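One structure is given here, and the rest of the page talks about it.
The values are calculated or read from the model by the stated rules, or taken from the named source; none is laboratory data. What you see is a predicted model; the values in this text were computed from it and never measured. Glycine also receives a Cβ, built like all others from the backbone with ideal geometry; neighbour counts cover every protein chain displayed.
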Ligand SMILES: [Zn+2]
């Protein structure tokens, strides 16, 4: 290691240590501020009680009148809207791309009590869209991070931390403590589970979703309107459910939808305006268009909220949402196992072969826009979807490599296949075997394994 | 009959990533695709059922099973006729009119 990199490591360590000290101090300050605020509130109440009145009859303290003055000045919202909001409670499930802006606005606007459910930790690749979290919280719980941010905006709002995965076993108990539920999750089984829980408990559900450059928003189970199952009685096939981790998402798109979720939750909680029930707002960010469409009413045949629905607390507890949607609740990366052991090699074994100079061709079967992000040297990009049509390219490369290393005519170059996580590479090898490339092998765990086990500096995404 | 059809929520990937299609459908076409609907063909009408089979043949380029199941759309797809849920207009029996706008949108789960 040269002296420059030693110095860089030392500086990085010092920065990290200072950052953690700074975070610690900030936490102490915000906790003290909250204590002070509580003391002031208590003494305000005490003094106003001794005066026999608050100075005004609406129950808002001078601090609150000042803080929420722009709301109070709105004729259509006013003191009544604010008072309703201060008395209300909202549960936000998911502190990610949708939950981040939703929570910031809900905390700022004066909802009395906010609950946050999430079991994840903050990671660097969240920060592009999950704007409630900051670099200082990387590696810490998302709930803790979001709660600290909410408290630093508004110490008079009560923030309740639910650092747990949302499951049928805890759902009823958590949701029953709130007036309005915001679904800011990212997968199909959670959406069905949250819907059913809200139907059982009679809670309005503000539902948002975003992917790529599109977003969707509606309010379910409100005032006799439809629920999620009225619209989607049957879950979609699993391969129709794209995830942000695979398909990508422009950060501001869930941002827009999350803000709108806060808006709908505020409307429901303050009893002001016309919540988006029986209607759905569709955002197409590319063309800059919103579409407000009319939905069906509540379905009498709905299995959750219909006239003959059998959904109860007990059936909810017993329902298997993962089986129903064929999707895990915490979608870890899919781990396929399609091939026999001798058709696979590990990333370290592959690295040894490269070092030994084994004659080979490495085919990277990821989509072209993935390949552009990062790739291994000397690999050729043939996306899985085009593999069948581009076999001649593989044959040509194999011949070229064999000729270059002047192999005997009897032996040939080896063929390895890689992808991001090692699923598509197995599908590709399976296909290659069928099409006559019987020696093709996949690199187990793909580029993620390469970065993890061979080259820690290799970028992951 | 001139219609505008639109795809969203990822369904556009099934037709070369083109979201908006201005199409011209002969009401008889649906029938020729094999989905014979005696009443609608008698009145020379185009129903959503006819349109679906026309779209499957003429617009969808890949993985038709991601668009349809049986003679309807697959679960998780909302169909909107002039910005209203097709459940409100008769689902597959909805009779389409000149210049109608039909949207097929897949529900999103991401966040
Ligand atoms: Zn329902």
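When residue A:315 is tested against the conditions (1) within 16 Å of the ligand (Cβ to nearest atom); (2) closer than 29 Å to residue B:80 by Cα, the lone failure is (2). The conditions of being within 14 Å of chain B (Cβ to nearest Cβ) and at pLDDT 95 or above are not met by residue A:179.
Condition check: away from chain B (no Cβ under 14 Å), under 29 Å from residue A:118 (Cβ atoms) and touching a residue at least 12 places away in the same chain (Cβ under 8 Å). Does residue A:285 satisfy that? When the stated conditions are applied, residue A:285 does not pass them.
The single condition from (1) over 21 Å from residue B:80 (Cβ atoms); (2) away from the ligand (no atom under 13 Å from the Cβ) that residue A:198 fails is (2). Scanning the stretch A:215-257 for residues that are within 9 Å of chain B (Cβ to nearest Cβ), surrounded by fewer than 20 Cβ atoms within 10 Å (Cβ to Cβ) and under 29 Å from residue A:179 (Cα atoms) yields a count of 3. When you scan the stretch A:164-176, do you find a residue that is within 16 Å of the ligand (Cβ to nearest atom) and either assigned by TED's automatic domain parsing to the domain that holds residue A:103 or in contact with a strand residue (DSSP E or B) (Cβ under 9 Å, 6 or more places away or on another chain) (or both), even just one? The answer is no, given that none of the residues of the stretch A:164-176 is within 16 Å of the ligand (Cβ to nearest atom) and either assigned by TED's automatic domain parsing to the domain that holds residue A:103 or in contact with a strand residue (DSSP E or B) (Cβ under 9 Å, 6 or more places away or on another chain) (or both).
Confirm whether residue A:265 is at the interface with chain B (Cβ under 10 Å from one of its Cβ atoms) and assigned to a helix (DSSP H, G or I). No.
Kindly indicate whether residue A:405 is free of Cβ contacts under 8 Å to residues at least 12 places away in the same chain and either more than 27 Å from residue A:424 (Cβ to Cβ) or surrounded by fewer than 15 Cβ atoms within 10 Å (Cβ to Cβ) (or both). Reasoning before the result, please.
Values: free of Cβ contacts under 8 Å to residues at least 12 places away in the same chain: no; either more than 27 Å from residue A:424 (Cβ to Cβ) or surrounded by fewer than 15 Cβ atoms within 10 Å (Cβ to Cβ) (or both): yes.
It is false that residue A:405 is free of Cβ contacts under 8 Å to residues at least 12 places away in the same chain and either more than 27 Å from residue A:424 (Cβ to Cβ) or surrounded by fewer than 15 Cβ atoms within 10 Å (Cβ to Cβ) (or both).
Being surrounded by 13 or more Cβ atoms within 10 Å (Cβ to Cβ) and under 19 Å from residue A:260 (Cα atoms): is that true of residue A:83 here?
In short, no.
Selection of the stretch A:422-439 for residues being touching a residue at least 60 places away in the same chain (Cβ under 8 Å) and buried (at least 18 other Cβ atoms within 10 Å of the Cβ) yields A:422, A:423, A:425, A:426, A:427, A:428, A:429.
Answer yes or no: is there a residue in the stretch A:358-371 that is surrounded by 14 or more Cβ atoms within 10 Å (Cβ to Cβ), within 30 Å of residue A:234 (Cβ to Cβ), away from the ligand (no atom under 16 Å from the Cβ) and within 14 Å of another protein chain (Cβ to nearest Cβ). Yes - at least one qualifying residue is present in the stretch A:358-371. Apart from one condition, residue A:212 fits all of (1) within 11 Å of another protein chain (Cβ to nearest Cβ); (2) on the phi > 0 side of the Ramachandran plot; (3) within 16 Å of the ligand (Cβ to nearest atom); the exception is (3). Only a single criterion out of (1) part of a helix (DSSP H, G or I); (2) in contact with a helix residue (DSSP H, G or I) (Cβ under 8 Å, 6 or more places away or on another chain) is not satisfied by residue A:422, namely (1). Of the residues examined, residue A:317 is not one that is out of contact with any strand residue (DSSP E or B) (no Cβ under 8 Å at 6 or more places or on another chain), under 18 Å from residue A:99 (Cβ atoms) and more than 10 Å from chain B (Cβ to nearest Cβ). Considering (1) more than 16 Å from the ligand (Cβ to nearest atom); (2) surrounded by fewer than 18 Cβ atoms within 10 Å (Cβ to Cβ), the lone condition that residue A:300 does not fulfil carries the number (1).
Listed residues A:254, A:204, A:235, A:226; which is within 16 Å of the ligand (Cβ to nearest atom), touching a residue at least 24 places away in the same chain (Cβ under 8 Å) and under 28 Å from residue A:424 (Cβ atoms)?
Values: A:254 fails: within 16 Å of the ligand (Cβ to nearest atom); A:204 fails: under 28 Å from residue A:424 (Cβ atoms); A:226 fails: under 28 Å from residue A:424 (Cβ atoms).
Exactly one residue qualifies, and that residue is A:235.
Candidates in the stretch B:86-106 are the residues that are at the interface with another protein chain (Cβ under 7 Å from one of its Cβ atoms) and in contact with a helix residue (DSSP H, G or I) (Cβ under 8 Å, 6 or more places away or on another chain); of these, the one that is farthest from residue B:44 (Cα to Cα) is B:106. Among the residues of the stretch B:40-58, not a single one is more than 10 Å from chain A (Cβ to nearest Cβ), within 13 Å of the chain's Cα centre (by Cα), part of a loop (DSSP other than H, G, I, E, B) and in contact (Cβ under 8 Å) with a residue 24 or more places away in the chain.
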